[in-house]
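The values are calculated or read from the model by the stated rules, or taken from the named source; none is laboratory data. On a predicted model such as this, the values are computed, not experimentally measured, just so you know. Quick reminder, even Gly has a Cβ in these numbers, built from the backbone with ideal geometry, and neighbours come from all protein chains shown.
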């Protein structure tokens, strides 16, 4: 892991960009000498880690005593995309405009993205846990499909906050019972692209003994800001 830039932001959070092989990432840390718990903050498939909503979440969380990291995994952000993924995205846009069923297209796009992204995130986690000042434990926040994969297969992930606003492939729905860590699932009740019943079924499938569902009125990008405060309390209970 090589840090390539750093800046102290006006809220006191240190923002450092890094590279890990071909993986670009950003680490946000507060001004602290204590070993910090780590939260992996994943954007939804294809979105860059510098997207303003993710950066705002990362800075808020870091300022409350966490190391927070995000990367552009394979096929996401500015990293190269395969011809198959670009074709699937074009077909998806056409189907959505035409009001046609799109689950098969979502499956062909999101399924491979999860498979490609998971190794990058595990490699990043390996490297981050060697950075001075980061002591764990580890939490995960964001993209549900990837979070399910990591929480079900990597015992270092101790708690997960997932956003229900994205397509979850069949493979991850089948993995949901293997997710046993404390879980917080955020659902936008009127999300135009994600049927709420599918999210409710997914919540029911999780194997966690401690799981909480927060449902708020509004569309896909309307998650209330106060959910960040509740998320901080959730991670505080399980990572601090």
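Could you please find all residues in segment 1-19 being under 21 Å from residue 137 (Cα atoms) and either touching a residue at least 60 places away in the same chain (Cβ under 8 Å) or in contact with a helix residue (DSSP H, G or I) (Cβ under 7 Å, 6 or more places away or on another chain) (or both)?
Those that are under 21 Å from residue 137 (Cα atoms) and either touching a residue at least 60 places away in the same chain (Cβ under 8 Å) or in contact with a helix residue (DSSP H, G or I) (Cβ under 7 Å, 6 or more places away or on another chain) (or both): 1, 13.
Any residue that is under 24 Å from residue 14 (Cβ atoms), surrounded by fewer than 21 Cβ atoms within 10 Å (Cβ to Cβ) and modelled with pLDDT of 95 or more - is there at least one of those in segment 191-207? Full working, then the answer.
Pass one, segment 191-207, residues under 24 Å from residue 14 (Cβ atoms): none.
No; the residues of segment 191-207 include none that is under 24 Å from residue 14 (Cβ atoms), surrounded by fewer than 21 Cβ atoms within 10 Å (Cβ to Cβ) and modelled with pLDDT of 95 or more.
Are any residues in segment 20-39 over 20 Å from residue 158 (Cβ atoms) and either assigned to a strand (DSSP E or B) or out of contact with any helix residue (DSSP H, G or I) (no Cβ under 8 Å at 6 or more places or on another chain) (or both), and if so, which ones? Full working, then the answer.
The initial filter retains those residues of segment 20-39 that are over 20 Å from residue 158 (Cβ atoms), namely 20-26, 31, 33.
Within segment 20-39, 20, 22, 23, 24, 25, 26, 31, 33 qualify.
Every residue in segment 85-102 that is surrounded by 12 or more Cβ atoms within 10 Å (Cβ to Cβ) and more than 21 Å from residue 43 (Cβ to Cβ), please.
87, 91, 94, 95
If I filter segment 176-183 for residues that are closer than 22 Å to residue 53 by Cβ and touching a residue at least 12 places away in the same chain (Cβ under 8 Å), do I get at least one hit?
Initial filter on segment 176-183 (closer than 22 Å to residue 53 by Cβ): 183.
Adding the requirement that they be touching a residue at least 12 places away in the same chain (Cβ under 8 Å) leaves 183.
Yes: segment 176-183 contains one or more residues that are closer than 22 Å to residue 53 by Cβ and touching a residue at least 12 places away in the same chain (Cβ under 8 Å).
Does residue 14 meet the test of being more than 17 Å from residue 126 (Cβ to Cβ) and within 15 Å of the chain's Cα centre (by Cα)?
On the way: more than 17 Å from residue 126 (Cβ to Cβ): yes; within 15 Å of the chain's Cα centre (by Cα): no.
Judged against the criteria, residue 14 is not a match.
Please pick out the residue among 64, 59, 89 that is in contact (Cβ under 8 Å) with a residue 40 or more places away in the chain, part of a helix (DSSP H, G or I) and under 24 Å from residue 27 (Cα atoms). Working first, answer last.
On the way: 64 fails: part of a helix (DSSP H, G or I); 89 fails: under 24 Å from residue 27 (Cα atoms).
After applying the criteria, what remains is 59.
Please tell me if residue 181 is crowded, with 18+ Cβ neighbours inside 10 Å, at pLDDT 95 or above, under 22 Å from residue 239 (Cα atoms) and out of contact with any strand residue (DSSP E or B) (no Cβ under 7 Å at 6 or more places or on another chain).
Values: crowded, with 18+ Cβ neighbours inside 10 Å: yes; at pLDDT 95 or above: yes; under 22 Å from residue 239 (Cα atoms): yes; out of contact with any strand residue (DSSP E or B) (no Cβ under 7 Å at 6 or more places or on another chain): no.
For residue 181, the condition - crowded, with 18+ Cβ neighbours inside 10 Å, at pLDDT 95 or above, under 22 Å from residue 239 (Cα atoms) and out of contact with any strand residue (DSSP E or B) (no Cβ under 7 Å at 6 or more places or on another chain) - is not met.
Just to be sure I understand, how many residues within segment 91-123 are under 26 Å from residue 23 (Cβ atoms) and out of contact with any strand residue (DSSP E or B) (no Cβ under 6 Å at 6 or more places or on another chain)? Break it down stepwise before answering.
Our first condition is that a residue be under 26 Å from residue 23 (Cβ atoms); within segment 91-123, this holds for 92, 106-123.
With the extra rule that they be out of contact with any strand residue (DSSP E or B) (no Cβ under 6 Å at 6 or more places or on another chain), the set shrinks to 92, 106-119, 121-123.
So the answer is 18.
Given segment 117-224, what helices (runs of 4 or more DSSP H) lie entirely inside it while holding 2 or more residues that are within 26 Å of residue 79 (Cα to Cα)? Give the steps one after another, and end with the answer.
Values: elements: 144-153, 170-175, 196-205.
It comes to 144-153, 170-175.
Output the residues belonging to segment 20-33 that are surrounded by fewer than 16 Cβ atoms within 10 Å (Cβ to Cβ) and either under 18 Å from the mean Cα position of the chain (by Cα) or without any contact (Cβ under 8 Å) to a residue 40 or more places away in the chain (or both). Write out each step before concluding.
First pass over segment 20-33, keeping only residues surrounded by fewer than 16 Cβ atoms within 10 Å (Cβ to Cβ): 21-22, 31-33.
31 - this is the single residue of segment 20-33 that is surrounded by fewer than 16 Cβ atoms within 10 Å (Cβ to Cβ) and either under 18 Å from the mean Cα position of the chain (by Cα) or without any contact (Cβ under 8 Å) to a residue 40 or more places away in the chain (or both).
Kindly indicate whether residue 147 is in contact (Cβ under 8 Å) with a residue 60 or more places away in the chain, touching a strand residue (DSSP E or B) at 6+ places or on another chain (Cβ under 9 Å), closer than 29 Å to residue 92 by Cα and surrounded by 14 or more Cβ atoms within 10 Å (Cβ to Cβ). Talk me through it step by step, then tell me what you get.
Numbers: in contact (Cβ under 8 Å) with a residue 60 or more places away in the chain: yes; touching a strand residue (DSSP E or B) at 6+ places or on another chain (Cβ under 9 Å): yes; closer than 29 Å to residue 92 by Cα: yes; surrounded by 14 or more Cβ atoms within 10 Å (Cβ to Cβ): yes.
For residue 147, the condition - in contact (Cβ under 8 Å) with a residue 60 or more places away in the chain, touching a strand residue (DSSP E or B) at 6+ places or on another chain (Cβ under 9 Å), closer than 29 Å to residue 92 by Cα and surrounded by 14 or more Cβ atoms within 10 Å (Cβ to Cβ) - is met.
Going by what's in this entry, would residue 69 be described as more than 13 Å from the chain's Cα centre (by Cα), crowded, with 17+ Cβ neighbours inside 10 Å and not in a helix (DSSP H, G or I)? Lay out the reasoning, then the answer.
On the way: more than 13 Å from the chain's Cα centre (by Cα): no; crowded, with 17+ Cβ neighbours inside 10 Å: yes; not in a helix (DSSP H, G or I): yes.
No: the conditions fail for residue 69.
Can you confirm whether residue 213 is farther than 19 Å from residue 107 by Cβ, touching a helix residue (DSSP H, G or I) at 6+ places or on another chain (Cβ under 9 Å) and touching a residue at least 40 places away in the same chain (Cβ under 8 Å)? Working first, answer last.
On the way: farther than 19 Å from residue 107 by Cβ: yes; touching a helix residue (DSSP H, G or I) at 6+ places or on another chain (Cβ under 9 Å): yes; touching a residue at least 40 places away in the same chain (Cβ under 8 Å): no.
No.
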